[in-house]
1. Among what's in region 51-64 and is within 21 Å of residue 137 (Cβ to Cβ) and under 17 Å from the mean Cα position of the chain (by Cα), pick the residue that is surrounded by the fewest Cβ atoms within 10 Å (Cβ to Cβ).
2. Looking at (1) without any contact (Cβ under 8 Å) to a residue 12 or more places away in the chain; (2) within 28 Å of residue 170 (Cβ to Cβ); (3) of a type outside the set (S, T, N, Q), which one does residue 69 not meet, given that it meets all the others?
3. Only helices (runs of 4 or more DSSP H) wholly contained in region 140-214 count here; list those with 3 or more residues that are modelled with pLDDT of 95 or more and surrounded by 14 or more Cβ atoms within 10 Å (Cβ to Cβ).
4. Applying the selection to region 69-83, what residues are in contact with a helix residue (DSSP H, G or I) (Cβ under 9 Å, 6 or more places away or on another chain), part of a loop (DSSP other than H, G, I, E, B) and surrounded by 13 or more Cβ atoms within 10 Å (Cβ to Cβ)?
5. Has region 100-109 got at least one residue that is surrounded by fewer than 21 Cβ atoms within 10 Å (Cβ to Cβ), touching a residue at least 12 places away in the same chain (Cβ under 8 Å) and in a helix (DSSP H, G or I)?
6. Regarding region 112-122, can at least one residue be identified that is in a strand (DSSP E or B), under 16 Å from the mean Cα position of the chain (by Cα) and at pLDDT 95 or above?
7. Out of 137, 180, 185, I need the residue that is assigned by TED's automatic domain parsing to the domain that holds residue 40, at positive phi and touching a residue at least 24 places away in the same chain (Cβ under 8 Å). Which one?
8. Could you check how many residues of region 133-178 are among the acidic types (Asp, Glu) and farther than 19 Å from residue 45 by Cβ?
Amino acid sequence: MPIPNKGSRNREYLRLIFRTLSTTFFNFAVMNSNYIFQSERLGFREWQDADIPVFAALNADPVVMEYFPRMLSYNETKSVVARFRDHFNEHKYCLYAVDRLDTGSFIGFIGLNHPSFNAWFTPCLEIGWRLLLSEWGQGYATEGALRCLQYAFEVLNVKEVWSFTAVINKRSERVMQKAGMKKTGEFLHPALPTGHRLQQHVLYRKTVDDAIVV
């Protein structure tokens, strides 16, 4: 039986490396083909039916929903996802479903939306986020907000993006600040009754000029 020489072993080793790299690249491309865009650690995509159970659990978490008027039921969550899908179909952007790229797991939403209420600054484009409690404290909201703002200014060619939250929601306000948004004032949310603990809101804005790095 002939003994392979060193050259043939090297060629076989190189072929093995090439096949491995080709398979890895193909799997990576397939894995990421569902994403509209990505940040360093996150993938932003359209909503899927498989997201609903996890999103429903998120919307039923009293800590996550502390600064919302109430928690949402499973059926209410389905309706919310349907609205997100309708928004995407109309505008080609929405409050995107977000995955972690390292695990592929769905962790909530970060994205762009047109508020449905009337105020002095509407109609406008807002940015918002809501993530699983287990994913807090890792910088995902700020990373995702920065990437969505970049997408809004560079791809969608919008001139400004707004964001708002209850004045007592300091965590969310801090994300706005870290994303380079500037406070423009406060307002009473018209969808909440007078005297409601969440009615007073802070209002932030970032313009395309703010996003330009000199």
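The values are calculated or read from the model by the stated rules, or taken from the named source; none is laboratory data. Please read all numbers here as calculations on a predicted model, not as lab measurements. Heads up, the Cβs are rebuilt from the backbone with ideal geometry, glycines too, and the neighbour counts pull from every protein chain shown.
1. Keep residues of region 51-64 that are within 21 Å of residue 137 (Cβ to Cβ), which gives 54-55, 57-64.
When the remaining residues are screened for being under 17 Å from the mean Cα position of the chain (by Cα), the result is 54-55, 58-59, 64.
Working: 54: 16, 55: 25, 58: 24, 59: 20, 64: 18.
Among them, the one singled out is 54.
2. Single failed check for residue 69: (1).
3. On the way: elements: 140-154, 170-178, 208-211.
Ranges flagged: 140-154, 170-178.
4. 71, 72
5. The first filter runs over region 100-109 and keeps only residues surrounded by fewer than 21 Cβ atoms within 10 Å (Cβ to Cβ), leaving 100-105.
Of the ones still in play, those that are also touching a residue at least 12 places away in the same chain (Cβ under 8 Å) are 100-102, 104.
If we keep only those that are in a helix (DSSP H, G or I) as well, we get none.
For region 100-109, residues surrounded by fewer than 21 Cβ atoms within 10 Å (Cβ to Cβ), touching a residue at least 12 places away in the same chain (Cβ under 8 Å) and in a helix (DSSP H, G or I): absent.
6. In the first step, residues of region 112-122 are kept if they are in a strand (DSSP E or B); the result is 112-113.
In the following step, the residues that additionally are under 16 Å from the mean Cα position of the chain (by Cα) were identified as 112-113.
Retained after the next criterion (residues that are at pLDDT 95 or above): 112-113.
Yes, region 112-122 contains at least one residue that is in a strand (DSSP E or B), under 16 Å from the mean Cα position of the chain (by Cα) and at pLDDT 95 or above.
7. On the way: 137 fails: touching a residue at least 24 places away in the same chain (Cβ under 8 Å); 185 fails: touching a residue at least 24 places away in the same chain (Cβ under 8 Å).
Just one listed residue meets the conditions, 180.
8. Looking only at region 133-178, we keep the residues that are among the acidic types (Asp, Glu), and these are 135, 143, 154, 160, 173.
Now narrow it down to the ones that are farther than 19 Å from residue 45 by Cβ: 160, 173.
Matching residues across region 133-178 total 2.
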